[in-house]
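The values are calculated or read from the model by the stated rules, or taken from the named source; none is laboratory data. Owing to the predicted nature of the structure, the values given are computational and were not obtained by experimental measurement. With ideal geometry, Cβ positions are generated from the backbone for all residues, glycine too; neighbour counts draw on all protein chains shown. In case anyone asks, the SASA skips ligands and DNA or RNA and just uses the protein heavy atoms, side chains included. Shrake-Rupley method; radii C 1.70, N 1.55, O 1.52, S 1.80 Å.
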Amino acid sequence: MEAKTEARAVLRYARISPRKVNIVNNLIRNKSVGEAMDILKNTPKAASELLIKLLGSAVANAENNFGMSADTLYISELYANAGPTLKRVRPRAQGRAFRIRKRTSHITLVVKEKE
């Protein structure tokens with residue numbers, strides 16, 4: 001049996017719009033883990049906090065479950081899909097109602113070893 005060459009971490013039902021997450025995703029996709037972590041720590045976006053934890057989890061999975069070295073890892077896949085939308089109502093003038101959509105995301109991060 002061949003050793004596994006990738007490790008993943010998934011964050012489901014994150015209370016942030018996938019559009020906002022993808023802005024930060026585009027900054028760190030295909031970067032090494034150390035470089036990505038530095039970029040995330042200096043990015044003033046709400047999504048960067050979630051991605052720091054997710055990246056840490058993916059690296060821990062790679063080291064503990066598959067015996068990979070953290071120094072050789074890079075982010076091979078990173079995407080945010082839309083989760084279920086929470087629908088809320090805001091009262092408006094003349095008895096009308098305005099729908100508020102609170103969007104959620106499913107974020108997937110995959111790390112691989114460089115050859």
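Please say if segment 1-52 is rounded, prolate or oblate, where rounded means a/c under 1.5 for a ≥ b ≥ c the square roots of the C-alpha gyration tensor eigenvalues, and otherwise the choice is prolate for a/b larger than b/c and oblate otherwise? Note, shape of segment 1-52 comes out oblate. Backbone amide hydrogens, once placed in the peptide plane, bring Y79 within less than 5 Å of T108, excluding anything fewer than 5 places away on its chain. Per-residue Karplus couplings for segment 74-84, computed as 6.51 cos²θ - 1.76 cosθ + 1.60 with θ equal to phi - 60°, are listed in order as 9, 7, 8, 9, 7, 8, 10, 9, 6, x, x Hz, Gly and Pro entered as x. Here the spin labels are modelled as points 7 Å beyond Cα on the Cα-Cβ line, and at A60 and K31 they lie 2.2 nm apart.
Over the chain, the fraction of Cα-Cα pairs per 10 Å bin, rounded to whole percents and listed from the shortest bin up, is 14, 39, 25, 12, 6, 3, 1. Pairs from the table (K45/K114; K53/K87; K4/K102; K41/K112; K41/K87) lying more than 30 angstrom apart at Cα are K4/K102; K41/K87.
For the chain, the fraction of 1.4 Å probe accessible surface lying on carbon and sulfur atoms is 48 percent.
A 1.4 Å probe run over the protein chains yields, for the chain, 66 Å² of accessible area per residue, whole-number rounding.
Using a Förster distance of 22 angstrom, determine the FRET efficiency expected from the C-beta separation of R19 and R88, and round it to 0.05. Efficiency for this residue pair is about 0.75.
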